[in-house]
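The values are calculated or read from the model by the stated rules, or taken from the named source; none is laboratory data. Here the structure is a predicted model, which means the values were calculated and not measured. Glycine gets a Cβ as well: all are built from the backbone with ideal geometry, and neighbour counts include every protein chain shown. Side chains are part of the model used for accessible areas, which takes the heavy atoms of the whole protein and leaves out ligands, DNA and RNA. Shrake-Rupley method; radii C 1.70, N 1.55, O 1.52, S 1.80 Å.
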Amino acid sequence: MNADIQRLKYDPTAPYRLDLEVYPAGDLWRRGGKEKVQTTHRYDFFMLVCITQGECVQWVDFQPFACAQGTFLILRPGQAHNLGSDEDWEGWIVLFRAEFAMPLSAASGDLALMSDRAGLPEKVLLDRDQLRTVSRSIQQMYEDAHLEAPLDHVHALLRHQLHALLARLSILQGRQQLKEPPVSAASQRFKRFQALVEERFANWHQVADYASHLGYTEKSLGRSLAAATGMTAKGWIAARINLEAKRLLVHTELPIGAIADRLGFDEATHFTKFFKREVRCSPAEFRRRQRGDSPPSHAG
């Protein structure tokens, strides 16, 4: 196995002991080295990436994200992320443990959204004024993280600042959505389907299962998917299964048979045939390519 492919835990360099860390994006190459930075990782923590100058292409779950000035990415635990090969950009990186964003008490209902992964946007585009405001907030967090004060006091301060930052991003995302055309019935059907696929993809592989559960006909569901994404419902389900398969192949040591079983296939051969049809290579070959491993040699 290539040692560069790894699951990263939140593990700041001693003597830093806080559950949230902020640093300029330029420090990435100093902290990890070019080879490590440009390698795909899977995080056990949240990572916020704010592009303040320049532009770059980053990869999230094997899909490219073009990031210009003002782009703000929110990466969740479990996602595969590659910072890409572009170095001519500046910005901020914020890392924090998932539990750090939890509200302090049940009474903090207004903060509940902050602990809900689904409630946070994946990407927010900031205009110049919004970027300036967000950058100032992160700069303040960076400075406050190095205050000489009791650890629990600094933690409390940073937690409130993080909640404020995430709340601001959610508000900005909501404003952008309000400017979009009203959600159509087809779009609503797609969103319900999307949420159900996320919940059941490892067990339900047939469009009929989703249509029946949602109370739609397969035809109306298909029209909704075509209008919203240009894809078929069958294609959407297959893409989600394969995304999970790719994550498991790259980021775990599970045998192909165990991955097949986890994704709801009766036989490993059925999974291999399905994966090869969609990805154009076998699961074993995909794992080998992503890790940079050499193919097994055969004695002649």
* Looking at (1) at pLDDT 80 or above; (2) surrounded by fewer than 17 Cβ atoms within 10 Å (Cβ to Cβ), which is the only condition residue 96 fails? -> (2)
* **Residue check, residue 203 surrounded by fewer than 19 Cβ atoms within 10 Å (Cβ to Cβ), touching an Asp or Glu at 6+ places or on another chain (Cβ under 9 Å) and closer than 27 Å to residue 274 by Cα** => yes
* To do: Could you pull out every one of the helices (runs of 4 or more DSSP H) wholly within segment 141-244 that has 1 or more residues that are small (Gly, Ala, Ser), touching a residue at least 40 places away in the same chain (Cβ under 8 Å) and more than 30 Å from residue 93 (Cα to Cα)?
  => 185-200, 218-229
* Selection status of residue 159, farther than 29 Å from residue 146 by Cα, open to solvent by 40 Å² or more (accessible area, probe 1.4 Å), at pLDDT 90 or above and touching an Asp or Glu at 6+ places or on another chain (Cβ under 9 Å) -> no
* Filter segment 66-77 down to the residues that are open to solvent by 10 Å² or more (accessible area, probe 1.4 Å) and not in a strand (DSSP E or B), then identify the one that is farthest from residue 134 (Cα to Cα). => 77
* Structure fact -> Reported set for segment 226-236 where residues are among the hydrophobic types (A, V, I, L, M, F, W, C) and under 22 Å from residue 275 (Cα atoms) is 231, 233, 236
* Could you pull out the residue among 273, 234, 219, 246 that is within 25 Å of the chain's Cα centre (by Cα) and open to solvent by 60 Å² or more (accessible area, probe 1.4 Å)? => 234
* Asked: Limited to segment 8-30, what total is found for residues that are open to solvent by 100 Å² or more (accessible area, probe 1.4 Å) and part of a helix (DSSP H, G or I)?
  -> 1
* To do: Check whether at least one residue in segment 54-65 is touching a residue at least 40 places away in the same chain (Cβ under 8 Å), in contact with a helix residue (DSSP H, G or I) (Cβ under 9 Å, 6 or more places away or on another chain) and part of a loop (DSSP other than H, G, I, E, B), and report yes or no.
  => yes
* Asked: Within segment 31-65, how many residues are open to solvent by 10 Å² or more (accessible area, probe 1.4 Å) and under 12 Å from residue 89 (Cα atoms)?
  -> 5
* Taking into account only those residues within segment 121-148 that are open to solvent by 50 Å² or more (accessible area, probe 1.4 Å) and of a type in the set (A, V, I, L, M, F, W, C), which is farthest from the chain's Cα centre (by Cα)? -> 147
